[in-house]
Amino acid sequence: MKRLFALTALCLALQAQAQSTPAPAAAPVSQAKKELVQKLLTLQQPVFETIARNVVERPAMQMMQAAAQALQTQVPAEKREATGKSIETDVRQFVEESAPVLRERAVKLAPSTFGAVFEEKFTEDELKQLIAWTESPVNKKFKQTLPEVETGFVKKLIAEAGPLLDPKLQALQQKVRATLVANAAPAPATAASAAPAAKPAPAPAAKPAAKAASK
């Protein structure tokens with residue numbers, strides 16, 4: 001995924017440079033090469049759509065994380081579950097409504113970004129190799145296997161690195177908690193604490209000792 005974003009950034013940078021500085025006339029692109037680029041773009045369309053959805057989901061997830069923190073500090077405990085579900089519904093609706101719009105824009109933008117780079121950086125023979133690899137059963141099998149491999153890898157990584165990270169995470173949590181406590185606003189005084197302390201009741205006066213009986 002990082003490579004895809006890097007490639008997107010490269011395309012945008014190339015496009016901006018082309019607009020700001022006059023470039024020498026490029027050699028005309030053959031019709032055969034244009035068709036190869038278009039075919040590669042069609043094969044890569046699921047990648048563009050995934051990038052677009054990730055662009056929508058990233059701020060939504062950040063908003064959900066901020067809302068989860070606010071729920072713990074600003075919402076009464078008895079209302080947190082219902083409030084959290086309401087926020088989650090709104091965020092999900094935002095993603096489902098926005099993703100198709102951005103997906104459509106991504107598909108339209110791909111020819112002028114990815115397509116331009118493909119035309120400039122790859123020869124016809126290299127494009128044919130890319131297309132052959134993309135369509136190959138080996139590539140499809142690789143894509144199907146990769147998620148399973150990643151899941152197992154992450155589990156093992158967490159199992160092995162957990163003992164090393166846990167003390168650091170606990171120390172960080174304690175440090176963050178201490179920082180929050182040190183900078184927290186003072187709690188408002190309650191009625192009981194605001195009232196002056198009650199004075200102790202005076203002890204009852206001692207009765208005079210009874211006179212000894214006369215002998």
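Candidates are the residues of the stretch 130-153 that are of a type in the set (S, T, N, Q), without any contact (Cβ under 8 Å) to a residue 40 or more places away in the chain and part of a helix (DSSP H, G or I); the one that is farthest from F118 (Cα to Cα) is T151. Only a single criterion out of (1) farther than 30 Å from Q38 by Cα; (2) surrounded by 12 or more Cβ atoms within 10 Å (Cβ to Cβ); (3) among the small types (G, A, S) is not satisfied by A159, namely (2). Taking S30, is it closer than 29 Å to Q129 by Cα, out of contact with any Leu (no Cβ under 8 Å at 6 or more places or on another chain) and either at pLDDT 90 or above or not hydrophobic (A, V, I, L, M, F, W, C) (or both)? In short, yes. Kindly establish whether P100 is exposed (fewer than 10 other Cβ atoms within 10 Å of the Cβ) and either in contact with a strand residue (DSSP E or B) (Cβ under 9 Å, 6 or more places away or on another chain) or farther than 26 Å from V29 by Cβ (or both). Spelling it out, it is not the case that P100 is exposed (fewer than 10 other Cβ atoms within 10 Å of the Cβ) and either in contact with a strand residue (DSSP E or B) (Cβ under 9 Å, 6 or more places away or on another chain) or farther than 26 Å from V29 by Cβ (or both).
Residues that are closer than 30 Å to P28 by Cα, without any contact (Cβ under 8 Å) to a residue 60 or more places away in the chain and out of contact with any helix residue (DSSP H, G or I) (no Cβ under 9 Å at 6 or more places or on another chain) are absent from the stretch 68-84 altogether.
Whenever a residue of the stretch 92-106 is touching a residue at least 24 places away in the same chain (Cβ under 8 Å), its partners that are aromatic (F, W, Y), lying with C-beta atoms within less than 8 angstrom and at least six residues away or across chains, give the pairs R103/F48; A106/F48. Of all residues in the stretch 67-85, those being of a type in the set (G, A, S) and loosely packed, with under 11 Cβ neighbours inside 10 Å number 2.
Here is a list: F122, F142. Which entry is over 18 Å from R53 (Cα atoms), touching a Lys or Arg at 6+ places or on another chain (Cβ under 9 Å) and surrounded by 11 or more Cβ atoms within 10 Å (Cβ to Cβ)? Full working, then the answer.
Values: F142 fails: touching a Lys or Arg at 6+ places or on another chain (Cβ under 9 Å).
Going through F122, F142 in turn, the sole match is F122.
Of the residues contained in the stretch 44-53, one or more are found to be within 23 Å of the chain's Cα centre (by Cα), surrounded by fewer than 13 Cβ atoms within 10 Å (Cβ to Cβ) and either not assigned by TED's automatic domain parsing to the domain that holds T113 or not basic (K, R) (or both). The sole residue among Q129, Q93 that is within 29 Å of L71 (Cβ to Cβ), loosely packed, with under 14 Cβ neighbours inside 10 Å, modelled with pLDDT of 90 or more and not charged (D, E, K, R) is Q93.
The values are calculated or read from the model by the stated rules, or taken from the named source; none is laboratory data. This one's a predicted model, so the numbers in the text were calculated from it and none came from an experiment. Quick reminder, even Gly has a Cβ in these numbers, built from the backbone with ideal geometry, and neighbours come from all protein chains shown.
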